Amino acid sequence: MTQHVSPPRGGTGKAAAVDGPPARRVPLGRADLRTLSLLGVLAALILIGGITKPDEFLDTRNLQLVLTQASVIGVVTVGMTFVIVSGGIDLSVGAIVALASVWATTVATQEYGFGGILFTAIAVGVGCGLVNGVLVAYGAMVPFIATLAMFASARGLALQITDGRTQIVTVEGVLDLGERDAYVLGIPPLVLVFAVVTLAGWLLLNRTTFGRRTVAVGGNAEAARLAGIDVRRQRLYLYLLSGLCCGIAAFLLIVLSGSGQNTNGNLYELDAIAAAIIGGTLLSGGRGTIVGSVLGVLIFTTITNIFALNNLQSDVQQIAKGAIIVAAVLVQRRTASTT
């Protein structure tokens with residue numbers, strides 16, 4: 001991904017321009033090993049689910065449900081991965097999803113039909129991302145503080161809009177997307193949207209100048225600036241991208257639940273960060289993979305489904321997620337110390 005420029009012969013002349021400084025890359029073998037490890041964990045979970053609850057877990061409807069539930073948080077995780085790779089963090093994604101979902105399901109918005117709901121959800125997400133980006137990039141605020149402020153503000157505004165009530169969607173075009181008749185070759189439309197977002201995110205991170213600049217900013221922001229990258233503008237774009245993903249996820253959640261609630265997106269920020277981490281994205285920035293993040297989402301969603309089928313308490317689920325996060329971070333530190 002990174003272009004390496006050889007110094008001019010004889011020590012004279014101008015060096016060729018590059019899109020960014022040399023970025024840290026994972027050796028191909030190590031990256032493949034991490035992906036295979038995640039696939040192994042996912043396969044083991046599927047085996048466990050098939051053994052403990054063979055009839056329920058392996059049922060086609062249940063597998064479709066797992067993928068559908070993974071789609072919403074998965075779209076959010078794609079945007080979160082970009083932010084973390086750049087060395088930032090976004091604690092407001094869950095609150096933005098909630099705000100976008102309730103704003104898009106007000107009676108006034110629903111009067112504009114399918115297009116009005118979709119546009120509003122995305123517009124609110126991008127608008128919140130713009131505020132985050134301006135505060136972080138041009139306001140020189142620490143991402144943790146800026147996005148935490150957005151988290152509190154968006155949650156409060158979502159509660160004010162709904163007054164604590166659930167807003168029911170009455171637009172048939174939106175509700176029809178959640179029906180089995182809308183499935184394409186047995187695949188729910190939400191899963192197809194997730195697949196498109198994942199592919200677009202992979203291409204953007206691995207095959208474009210934007211992706212190389214993102215990795216460069218996360219690896220060494222000062223070196224990226226000296227190489228000619230507008231670091232502030234790049235960070236603004238990344239938070240806009242995260243907001244866009246939140247808007248898309250909010251629309252998917254509206255389709256899935258048929259309503260808008262101020263409690264939507266609860267703990268999405270933690271789930272997205274956790275999925276990205278176990279997928280191999282460094283919290284310090286400079287490295288990350290979309291494929292790894294998506295596998296992380298599937299692992300967490302599968303764990304939740306297995307626990308639910310076995311009637312285990314939600315607190316046990318949270319403990320298991322916490323243990324997985326700690327293990328992933330320890331593995332990252334061990335890997336970093338050997339490279």
Next item on the list: Search the stretch 205-230 for residues that are among the basic types (Lys, Arg) and pair each with any residue that is in a helix (DSSP H, G or I) and open to solvent by less than 30 Å² (accessible area, probe 1.4 Å) when their beta-carbon atoms are under 6 Å apart and the residues are at least 6 apart or on different chains.
Entry: 213/234; 225/231
Check: Does the stretch 47-66 contain any residue that is β-branched (Val, Ile, Thr), at pLDDT 80 or above and buried (at least 23 other Cβ atoms within 10 Å of the Cβ)?
Finding: no
Next item on the list: Looking only at the stretch 163-183, count how many residues are open to solvent by 70 Å² or more (accessible area, probe 1.4 Å) and free of Cβ contacts under 8 Å to residues at least 24 places away in the same chain.
Entry: 7
Note to self: at negative phi, buried (at least 21 other Cβ atoms within 10 Å of the Cβ) and either in a helix (DSSP H, G or I) or aromatic (Phe, Trp, Tyr) (or both): which single residue out of 203, 253 fits that description?
What the structure shows: 253
Note to self: Among the residues in the stretch 226-245, are any over 26 Å from residue 325 (Cβ atoms), surrounded by 24 or more Cβ atoms within 10 Å (Cβ to Cβ) and out of contact with any His (no Cβ under 7 Å at 6 or more places or on another chain)?
What the structure shows: no
Notebook entry, point to check: Can you name every residue in the stretch 132-166 that is over 19 Å from residue 84 (Cβ atoms) and β-branched (Val, Ile, Thr)?
Noted result: 134, 161, 162, 166
Notebook entry, point to check: Does the stretch 313-329 contain at least one residue that is touching a Ser or Thr at 6+ places or on another chain (Cβ under 9 Å), under 26 Å from residue 142 (Cβ atoms) and either at pLDDT 90 or above or of a type in the set (A, V, I, L, M, F, W, C) (or both)?
Noted result: no
Check: Here is a list of conditions, (1) touching a Leu at 6+ places or on another chain (Cβ under 8 Å); (2) surrounded by fewer than 20 Cβ atoms within 10 Å (Cβ to Cβ); (3) of a type in the set (S, T, N, Q), and residue 160 meets all of them except one; can you say which number that is?
Finding: (1)
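The values are calculated or read from the model by the stated rules, or taken from the named source; none is laboratory data. Quantities reported herein were computed from a predicted structural model and do not represent experimental measurements. Neighbour counts are summed over all protein chains in view; Cβ atoms, including those assigned to glycine, are modelled from backbone coordinates with ideal geometry. The accessibility values were calculated without ligands, DNA or RNA, using every heavy atom of the protein model including side chains. Shrake-Rupley method; radii C 1.70, N 1.55, O 1.52, S 1.80 Å.
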